Protein chains: 2
Amino acid sequence: MSLALKFLSVYFFVTELSVPVNFIDEGITMDSKKSDRREFLKRGAALAGGVALGTTKTANAQLEGPESFQRGTDEIVGYGKRSRFVDSVRIPHGGRASPDAFGLDFHIATPLQDSVGVITPSSLHYMGTTRGSFIPDIDPEKHRLMIHGMVDNPLVFTMDDLKRMPSVTRLHFIECAGNRSNRRHTTIQETHGMTSCAEWTGVLLSTLLKEAGVQAGADWIVAEGVEEVKGASSIPMTKAMDDCLICYGMNGEPVRPQQGFPLRLMAPGFEGIFNVKWLRRIKVVDQYYMTYNDFGHLTQDPATAALGYQIGPKSVITHPSGGQQLPGAGFYEVSGLAWSGGGSVARVEVTTDGGRTWFDADIRGPAHKMAHTRFTFEWNWDGSPCELQSRCIDEIGQVQPSRAQAAEFWNQPPDQAPRVRGQDNSIQPWRVDGDGSIHNAIA
Amino acid sequence: MSLALKFLSVYFFVTELSVPVNFIDEGITMDSKKSDRREFLKRGAALAGGVALGTTKTANAQLEGPESFQRGTDEIVGYGKRSRFVDSVRIPHGGRASPDAFGLDFHIATPLQDSVGVITPSSLHYMGTTRGSFIPDIDPEKHRLMIHGMVDNPLVFTMDDLKRMPSVTRLHFIECAGNRSNRRHTTIQETHGMTSCAEWTGVLLSTLLKEAGVQAGADWIVAEGVEEVKGASSIPMTKAMDDCLICYGMNGEPVRPQQGFPLRLMAPGFEGIFNVKWLRRIKVVDQYYMTYNDFGHLTQDPATAALGYQIGPKSVITHPSGGQQLPGAGFYEVSGLAWSGGGSVARVEVTTDGGRTWFDADIRGPAHKMAHTRFTFEWNWDGSPCELQSRCIDEIGQVQPSRAQAAEFWNQPPDQAPRVRGQDNSIQPWRVDGDGSIHNAIA
């Protein structure tokens, strides 16, 4: 290391110079030979076994420069863009109309196969509505939220009013109850793409309800957005006073138009339809109101409603997943997402032999309540056909059911959709063929 | 509530109908009268004091519809956009060149005044480089990371290789050491906009170094990006083996080009320059190497380097902040961000009387290590001039200094920039004038 160059007189003003400074000896041999695949696999084995790598070979490489350099423009200064090499996009929810032919039904699914971490980028957050394909274009200066009905003080809030009030920031998923209605499709985007997770910021609904003064006997609220046909949901007062949020912020900026700009109700852990977008009115009422969002699947008993409206404990392996291709046997990190409407994820188990043996997966980062939680599992694939599954156990002890258990519960054949309850939280099996191709194992 | 309409026969197929369904009695009187400002202020007082509101009046309103509805298009299906009413953008770091005239110096600051929660949207993440205004346009298929030098097994990784390895996801801030060099400017974007926070996903650098086999006596690494003049940093081996990350993911999608696509080194809590963008090479070495990133401000002693490179405990009130305007006396949530290179934020204190009395602020959400942490404070402004400040205390007991303390430490007048150390983590005072206007109180 005697070649170390020391520019002891290099101070701040050097940054004004345009002369390249080569800081490090360039005499190291580099050729275009890439590290050998088998070598990497050996490293992988070492990783999984926790054993230090015994034999090695020198890997050299020509480190290529970038394709080009792009000059800063007004546009990328103000609000940056992703790389032109990244083309991950949402797609219409499987089996539904093409984007050009949207009618009332507008469901677009997030590309879970490309997901990393737990945040869904706002531009890729799933969106679902059965109330028209048109996104309301709302001027936040004119927008109001009214709270009325069985309250002592009916109140109307501007956006500025709401932003003056005590706020909270929480990570929460939203999932459409119809997620997995395409359970026989090929990719995870088709089968599970109607769930997403974001950092939400807003005012606790309880703060507003306490200001309004809820009257005795008011067991429900009805929350209404600005949609043409008045998308609305009835929510038990216990939930409204517990953890519901009136959100103006999402992933550090205003809620996106497709997610309810300027105001969205969050009912954490409840089916997606309860998280009313473009929220303009909350009426406090004494009983369940049947709304457009009720497909006949919702109980009207306030004592038991919350449990029925919750998303069950759920998980899915995002990589490797259906339609993906493993390049060969060796080490892989199996990675996936788990979540539950019942609270935080307590544990995730993974099997690589179709359910005979289960191992604890690693939870990455803190497991937030009603939030996507990233799990990983270190796996050495021996190259033979097998089946990967994951299973979520939440903090109140709920266990994600197998397909057989779910079918028994619903009294239906395993390959049938549940007819009564919208959501299907049974285990997703991915079949790994000997050629490394990944397939949905549901017949 | 006898007007409740119950459509007991409304099932799923109703969503195919285009007939609006009015679910709720529309007989409630609504006029265009907005809730009275004084009424809101009274509510605010109730909030702050925890006292139920004693007197109220009926607030009615005409709830306006949206400006229009926007039809779903291919573009917004694939990758969504923000509202046209949201215009928060980054700006060139104060006093520097306009976007059209960028030379070597390309520094753009995030709009902290508009921030909510802790995530900085990737499109608004600050960016700084003194090595040219051109952003490398890198094909991830061709990109390689080489680890060489004092290792038993020099290794070269493709992006696919790295994505097969064990990963972690962590929330971390990055802050430019030059943040606050514009300490007399008007807005927080100008004074503090060179810090941001994102959810980063990648492989622990220690995982790669262990695979390569670090040799005895290798106390440093030098990390190099693809920039024209080879932006690089020397990092102590203790830090490299502790919590440094090789990141390919940011806020749930690939790292953005301005942040180092496809690969960025994260050195959590260290000054921004250590978080090398467009990372292509890590050389394991036996001593400190002076690089282009060293402005003469970095110690070369590996035993003490880490402490010197760390961002100190820091906080700033984002709302209300310089250039903003309070509409009048009454209740406000004071909101801000705190962070420290020393670990997690343990406590934040707020004063509204220029530092005579300090109160504990509320921490919103879990305080992650080396991450922006949102704090809030419930404040009833009486309408008289005052001064707001915040103070961060981190988990290892470091306390954010006052300007006087910082000046004494640096042996300089309080209104001068520190000449030796790049960063200034002293308290930011915001002056509130009687007319509700907010000003930078630093002379």
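What follows is calculated from the coordinates using simple rules that are stated; it is not laboratory data. The model shown is predicted, which means the values in this text are computed figures rather than measured ones. All Cβ positions, even for glycine, are placed from backbone atoms using ideal geometry, and neighbour counts span all protein chains on display.
DSSP loop (so not H, G, I, E, B), at most 10 other Cβ within 10 Å: list which chymotrypsin sites (Phe, Trp or Tyr not before Pro) in the stretch A:227-311 pass both filters.
Answer by residue number: there is no such site.
Give the nm distances, rounded to one decimal, from B:GLN300 to the matching residue in every other copy, measuring between label points 7 Å along Cα toward the beta carbon; shortest first.
Output for B:GLN300: 8.1 nm, nearest copy listed first.
For B:209-218, what's the mean count of beta carbons from other chains sitting within 10 Å of each residue's beta carbon?
2
Residue of A with Cβ nearest the axis relating A to B, plus distance in whole Å?
Nearest-to-axis residue on chain A, with distance in whole Å, is A:PRO366, 3.
What is the calculated FRET efficiency for A:ASP360 to A:LYS210, with r their C-beta to C-beta distance and R₀ = 35 Å, to the nearest 0.05?
My answer for the efficiency is 0.25.
Calculate the mean, over all residues of peptide A:392-401, of how many other protein chain Cβ atoms lie within 10 angstrom of the residue's Cβ.
That average works out to 0.
Order of A:280-287, A:219-226 by packing, highest average Cβ count within 10 Å first?
A:219-226, A:280-287
Can you sort A:THR169, A:THR238 so the residue with the fewest Cβ neighbours within 10 Å comes first?
With the sparsest Cβ surroundings first, the list reads A:THR238, A:THR169.
Express in whole angstrom the spacing between the alpha-carbon centres of the stretch A:306-372 and the stretch A:209-278.
Cα centres, the stretch A:306-372 to the stretch A:209-278: 28 Å.
Any of B:LYS142/B:LYS283; A:LYS81/B:LYS283; B:LYS81/B:LYS142 with alpha carbons more than 26 Å apart? Name them for me.
A:LYS81/B:LYS283; B:LYS81/B:LYS142
How much FRET efficiency would the formula 1/(1 + (r/R0)^6) give for A:SER384 and A:SER68, where r is the Cβ-Cβ distance and R0 is 35 Å, rounded to 0.05?
0.20
What FRET efficiency would be calculated for the residue pair A:GLN325, A:ARG184, taking the C-beta separation as r and a Förster radius of 35 Å, to the nearest 0.05?
So the FRET efficiency works out to roughly 0.95.
What is the mean number of Cβ atoms from other protein chains located within 10 Å of the Cβ atom of each residue in peptide B:150-157, rounded to a whole number?
For peptide B:150-157, the averaged partner shielding equals 6.
Separation between the B:ASP433 and A:LYS142 pseudo-spin-labels, each 7 Å from Cα along Cα→Cβ, expressed in nm?
3.3
Checking the table B:LYS239/B:LYS277; A:LYS369/B:LYS210; B:LYS163/B:LYS210 against a 24 Å threshold on Cα-Cα, which pairs fail?
A:LYS369/B:LYS210
Can you pull the semi-axes for the stretch B:108-300, root of five times each eigenvalue of the Cα gyration tensor, sorted largest first, whole Å?
Three semi-axes, in Å: 27, 19, 15.
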